[in-house]
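The values are calculated or read from the model by the stated rules, or taken from the named source; none is laboratory data. In this text the structure is predicted, and so the values were computed from the model without any measurement. Heads up, the Cβs are rebuilt from the backbone with ideal geometry, glycines too, and the neighbour counts pull from every protein chain shown. To get the accessible areas, we keep the full protein, side chains included, count just its heavy atoms, and leave off ligands, DNA and RNA. Shrake-Rupley method; radii C 1.70, N 1.55, O 1.52, S 1.80 Å.
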Amino acid sequence: MAMTKGRQREMLESVYSCIAVFFIFVACVELCDAATVVDVYRLIQYDISGVPFGSRLARLNHHVAYSPFIPGADLSRAVVIIPIREVNITFLRECITQKKALGGLLLLLPQKFNSESKDDSKEGGQMYKKEGMQNILTELEKLLINAAIPYPVYFAFEDEKIDAILAEVKKKDAIGQSPTATTGGYKAVTANPEPRKLAPATITNIQGWLPGLRTDGDANQLPTIAIVASYDTFGAAPALSVGSDSNGSGVVALLEIARLFSRLYSNPKTRGRYNILFGLTSGGPYNYNGTMKWLRSLDQRVRESIDYAICLNSIGSWNNELWVHVSKPPENAYIKQVFESFSSVAEELGVQVGLKHKKINISNPRVAWEHEQFSRVRVTALTLSELSAAPGLLESTGSLFDSRQFVNDTAVRRSVKLVAESLGRHIYAHPGKNIEIFADGSSLAINPFYIKSWLNFLSQTPRVAPFLSKNEQFISALKKELADHTVEVNVQQDVLDGIFTFYDSTTARLTIYQAFISQLWTLCRQ
C-alpha cells in the first residue's frame, strides 16, 4: 500500500512538473520579446465567375523554413521565406501546378519598393538592377494571381532582423534539418481571421468642366474635347498596389492639364471656343467598367458634342517614344488631326509618337484600352500610353514593381507638354505652327513641383477599387483638386458590375518567435 501511495505521489509530482513547465512555456511565449514583428501583405484573393484565384487562406502558425529544395522534407506545416531576388520562378510554378503542400509562403521585397524607404542607391550591397527585378516580378505576379493557392501567401519588406533570422534558418536547411516542433528554430504566427467575401465594390467617377466661350447669338452647343484617366489599380498585393505609373501618372497629367487650361479659361479674352471635359474614372482594371457607366450617364447632347477624347494611361516611364492607340481607322478626320498635332509637338520635344490601330469586336465585351469604351458609344477616342501593346486582363495595372522610384517626373512633364500644346494649338486654331503656348518660365509653364507632389501622394495610396470606401480620403482629394481648376464638378457612384468576387484580410502583423518547445519538452520528461 505504501509503495502504491509512493508511486501515486511520484506520478502527481511529474504531472505537476509538466503543468508548471507548460505555464512557464505559455508565459515565455506571451511575455518574452519576439524575434521580430513585421507588417505583411496578403496575396489577393478573388473569384471570376465562381472560379477561385489567389491565396485562399490567411492565418499562419508554422515553423519557418527557407528552402523548399530539401529532399523529402515535409513542409506542409512550414512557412517558406524567400527573398524575391532568390525566387526560382520555374520551381515555384512546379510547386503551384503540382499542388505541393506548404504551410505558407512569405516573399521578401527589397526595401527599394517600400514607400517609406530612403535608400534609393543600393540593394544588398549591389547596384539595383531594374530590368532584372521587373522581369522577375512580372512573371511572379502573373503566376500568383492566375492560380488558386491553397495556403497563405504574403509579401513583406526585407530588414536586418528578418535577414538575420533567415540566415539562421538557412544554416539549418543546409544540413537538412527540417523545421519541426522538436528541432526548434523559429515560428511565424499571424492572428488575423480567415478571409470573408466583400460586398460588391463601389466605383466612383469624378468629372469637371471648363466651359468654352460662347459668342452673342451662338445657339449651337460648343464642341467638347474630353481628357480622361482611370485612377484605380490592381496588383498581387492590394495593400501595396499604388500604381505610380499605371495609372498614377495619367491622373497627375490630367490634373496638371486641367490646371494649365483653367488659367487660360479664367480670362474671357483667352477662353477657347471648346468645352473641355475632364473625367477621372474607376474600374479601369475591370474592363473599364466605371468609364462605361460614366459615358452612359452623360446627357446624350453632351456625348454627341465630344469631338474626341484623349485617355491617358501609363505615361511616366518612357524614354523616347509614346504610342497613340486607336479603334477607328487612321484616316478618320479627328484621329488624323490629333496624331499629326501630337507628331508635330513631339518633333519639337525631340521624341517620337507612334500610331497603333486595333479594330474592336463589338460582340466581345472585353476591352483592351479605355478609349474602346468610347468607341462603343460612337465617340472618337484614343489612348496615349508608353505601352506598345494592350496588357491582358488584370495585368500592368499597379504591380509590385509599379512604385514611385520607377516613375520619371521628366517623362510625366513631357507627356503633359505633348498633350497640352497639341490641344492648345487645336483649340486656338494654330495647328502645326511652332507656337509655344505653355512655355517654360511663363505664367503658363508646367509646374514640376505640382507634378512631383501629386505623384508622391498617389504613390503612397493603394487604390484597388473593391477595398476602397465610398468616403475614401484620396477620392475626396481628387474631387477637391479638380474643383479648384474646373466647374460643375460632380461625383458618380455605382456598383462594379461583372464577374468578380473579392475577399478581405489584405494585411496582417506577422510575429516570428524563437521556438523553445524541444527544450521545454526535455524539461518536462525529466
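Worth pointing out:
- Looking at region 189-304, the strands (runs of 3 or more DSSP E) lying wholly inside it that each contain 1 or more residues that are at pLDDT below 95 and touching a strand residue (DSSP E or B) at 6+ places or on another chain (Cβ under 8 Å) sit at 202-210.
- Selection from region 357-368 of residues that are in contact (Cβ under 8 Å) with a residue 12 or more places away in the chain and either open to solvent by 10 Å² or more (accessible area, probe 1.4 Å) or in a strand (DSSP E or B) (or both): HIS357, LYS358, LYS359, ILE360, ILE362, PRO365, ARG366, ALA368
- Residue-level check: of (1) touching a Phe, Trp or Tyr at 6+ places or on another chain (Cβ under 7 Å); (2) not in a strand (DSSP E or B), TYR308 misses just (2).
- Some residue of region 476-492 being farther than 30 Å from TYR334 by Cβ and within 22 Å of the chain's Cα centre (by Cα): yes
- Subset of region 370-383 [crowded, with 24+ Cβ neighbours inside 10 Å and in contact with a Phe, Trp or Tyr (Cβ under 8 Å, 6 or more places away or on another chain)]: GLU370, GLU372, GLN373, ALA381, LEU382, THR383
- Taking the numbered list (1) touching a His at 6+ places or on another chain (Cβ under 8 Å); (2) part of a loop (DSSP other than H, G, I, E, B) in turn, VAL379 passes all entries but (1).
- Only a single criterion out of (1) modelled with pLDDT under 95; (2) assigned by the TED database to the domain that holds ASP232; (3) among the polar types (S, T, N, Q) is not satisfied by THR486, namely (1).
- Test: TYR334 is surrounded by fewer than 20 Cβ atoms within 10 Å (Cβ to Cβ) and either touching a Ser or Thr at 6+ places or on another chain (Cβ under 7 Å) or in the same structural domain as HIS430 (by the TED database) (or both): yes
- Residue selected from region 448-466 under the condition among the hydrophobic types (A, V, I, L, M, F, W, C) and in contact (Cβ under 8 Å) with a residue 40 or more places away in the chain, by the criterion farthest from ALA199 (Cα to Cα): ILE451
- Flag for GLU421 being among the acidic types (Asp, Glu) and open to solvent by 10 Å² or more (accessible area, probe 1.4 Å): no
- The number of residues in region 480-499 that are closer than 30 Å to VAL51 by Cβ and open to solvent by less than 40 Å² (accessible area, probe 1.4 Å) comes to 1.
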